[in-house]
Amino acid sequence: MTLALDRTAVSAETAALPELPAVAGARLRVPLVSGDDIGYANLDHAASAPCLDAVRDAVDEFLPWYASVHRGAGFASQVSTKLYERTRDTIRRFVDARAGDTVIFTRNTTDSFNLLARAVPKNTSVVVFDTEHHAALLPWRGPNVHRIPLPGTRLAAVSAVDSALAACAEGPRLVVLTGASNVTGEVLPVAEIAAVARRRGARIALDAAQLSPHRGVSLRESDVDYVAFSGHKLYAPFGAGVLVGRADWLRAAQPYLAGGGASKVVSSADAGDVSVVWNHGPERHEAGSPNTVGVYALGVACEQLAANRAALEAHEHALLEKLRRGFESVPGLAELKLFEDAGDRVGTVSFVLDGFEPGRLAAVLSAEYGIGVRDGAFCAHIATRRLIGRTGVEAKQAVRVSIGLGTTEEHVDRLLLALRQIVARGARWSYAVVDGRWAPTPDPRALPSFLRD
């Protein structure tokens, strides 16, 4: 089977706006099943964002100085320690933390919420929408967890939290809330829900994994108690995340991991056991050798985004509007939405296309057009399936398009053109499920040299 990409309707690639930070892979070209290659249209930022050039350069500069932190007498160890601890201050500024808030470095948002779940006082009542990302939904188990359906309007969401908190038993209470949906990009009424939580004597933990790459986060202004996010969503894909918030619960909890760094003094005890005095600062929950490179990368990314926030938001808004207007011209396309009312949203949109299996559609977009999107239920299975059900389209999964730094108008134009062509004439190659995923058959695309046998 032969395929020729219709280039007449694909505009020339446009460079990223000069005021925006550049990302690695912006000039990446990928092979097509036709034998051609094309500039990669990365529309999968919500899964993992590309690395900022500034982050890569900073890491390269630091690597010769990399050494153990906190206990090393060598000069490189002192440099690494200063860099690691200075990054805590960078993160504090990025989220506008309060004076007493603590900054704990983790692996990612999932790790942060599991840590917090281990640290909350016994018998804490937890209120969480059942449509949350699994990172924020699954760590909370037991009879004191109140999982509530997300209503169809933002105002109703605030009221639902208020009612759920009113029904909770006396004692500590915590609301767990996403800042922006990883399925639809819609921003939730965080400040309003935080105000309700405060009136009910509850704390609030914010999942900012999808919000922080697109919008500023202020613990002071929103009156949120805890915030968690991941470097790999924030253009710093080096394996670090962070939990920032009130120190008292975290200081009183048993260490998240037992080991070096978390322990202050270890001595012999009776019956062959050991006696441990644990640290009280953030290191209490940072046992083991920390990911100093990842932490530094995260800090650099935060500085870059904070310095370019206005330009980033304007760039994203223009592309998101273009994308959603273009969806209206694709027959059979239904966009997933949490809320009936309009409101702020970040650059993430999910949809179903009547008559097209999402996994196969994503494979066609990749193999024939050089476009990367995400298909599935996006680690938010309850939300995705519920929202698909509202569309009337027979599907169990969806396709997600997410934009960010490095996304251009040409990428959006190419996606819209591809969808219209696929609806009009179908795929131009054969596809089958291979190892559980749709793939072109045969697939003539060569892997990069570092993956070849």
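Values computed for the structure shown
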read-out: Residue within region 273-281 that is touching a helix residue (DSSP H, G or I) at 6+ places or on another chain (Cβ under 7 Å) and either outside the structural domain of F356 (by TED's automatic domain parsing) or closer than 28 Å to A47 by Cα (or both) present; value: yes
read-out: Criterion: small (G, A, S), assigned to a helix (DSSP H, G or I) and outside the structural domain of G185 (by TED's automatic domain parsing) - qualifying residue of A439, A446, A395, A424; value: A424
read-out: Qualifying residue in region 78-92 (condition: part of a loop (DSSP other than H, G, I, E, B) and either over 19 Å from L243 (Cβ atoms) or not basic (K, R) (or both)); value: no
read-out: Selection from region 65-101 of residues that are surrounded by fewer than 22 Cβ atoms within 10 Å (Cβ to Cβ) and among the hydroxyl-bearing types (S, T, Y); value: Y66, S68, S77, T81, Y84, T90
read-out: Residue, surrounded by the most Cβ atoms within 10 Å (Cβ to Cβ), within region 116-139, restricted to residues that are assigned to a helix (DSSP H, G or I) and among the small types (G, A, S); value: A136
read-out: Complete set of residues in region 42-79 that are more than 26 Å from the chain's Cα centre (by Cα), more than 18 Å from N291 (Cβ to Cβ) and not aliphatic (A, V, I, L, M); value: G74, F75, Q78
read-out: Complete set of residues in region 166-187 that are free of Cβ contacts under 8 Å to residues at least 40 places away in the same chain and among the hydrophobic types (A, V, I, L, M, F, W, C); value: A166, A167
read-out: Subset of region 102-147 (residues that are closer than 24 Å to G201 by Cα and either under 15 Å from the mean Cα position of the chain (by Cα) or not assigned by TED's automatic domain parsing to the domain that holds V69 (or both)); value: S112, F113, E132, A136, L137
read-out: Qualifying positions in region 340-360 - part of a loop (DSSP other than H, G, I, E, B) and either buried (at least 24 other Cβ atoms within 10 Å of the Cβ) or not assigned by TED's automatic domain parsing to the domain that holds K322 (or both); value: V346, G347
read-out: So L415, is it modelled with pLDDT of 95 or more and part of a helix (DSSP H, G or I); value: yes
read-out: Positions within region 155-203 being among the polar types (S, T, N, Q) and either in contact with a Gly (Cβ under 9 Å, 6 or more places away or on another chain) or in a strand (DSSP E or B) (or both), in sequence order; value: T178
read-out: Pairs with Cβ under 8 Å, 6+ apart, first in region 437-453 and closer than 22 Å to R360 by Cβ and in contact (Cβ under 8 Å) with a residue 12 or more places away in the chain, second aliphatic (A, V, I, L, M) and assigned to a loop (DSSP other than H, G, I, E, B); value: P440/V33; D443/V33; P444/V33; R445/L32; R445/V33
read-out: Out of G74, G100, G152, sole residue that is closer than 21 Å to V187 by Cα, out of contact with any strand residue (DSSP E or B) (no Cβ under 9 Å at 6 or more places or on another chain) and small (G, A, S); value: G152
read-out: Contacts under 6 angstrom Cβ, first residue in region 87-108 being over 14 Å from G216 (Cβ atoms), partner among the polar types (S, T, N, Q), 6 or more apart; value: T106/S112; N108/S230
read-out: Count of region 417-435 residues which are within 13 Å of L43 (Cβ to Cβ) and touching a Ser or Thr at 6+ places or on another chain (Cβ under 7 Å); value: 0
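A quick yes/no check of all residues on (1) in contact with a Phe, Trp or Tyr (Cβ under 8 Å, 6 or more places away or on another chain); (2) of a type in the set (D, E, K, R):
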position: P139; (1), (2): yes, no
position: H146; (1), (2): no, no
position: S159; (1), (2): no, no
position: D162; (1), (2): no, yes
position: R173; (1), (2): no, yes
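One line per residue, one yes/no per condition, for (1) in contact (Cβ under 8 Å) with a residue 12 or more places away in the chain; (2) part of a loop (DSSP other than H, G, I, E, B); (3) crowded, with 22+ Cβ neighbours inside 10 Å; (4) in contact with a Lys or Arg (Cβ under 6 Å, 6 or more places away or on another chain):
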{"residue": "E321", "(1), (2), (3), (4)": "no, no, no, no"}
{"residue": "G326", "(1), (2), (3), (4)": "yes, no, no, no"}
{"residue": "S329", "(1), (2), (3), (4)": "yes, yes, no, no"}
{"residue": "K337", "(1), (2), (3), (4)": "yes, yes, no, no"}
{"residue": "A362", "(1), (2), (3), (4)": "yes, no, yes, no"}
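The values are calculated or read from the model by the stated rules, or taken from the named source; none is laboratory data. Computed from a predicted structure; not experimentally measured. Don't worry about glycine lacking a Cβ; one is built from the backbone with ideal geometry, like all the others, and counts go over all protein chains shown.
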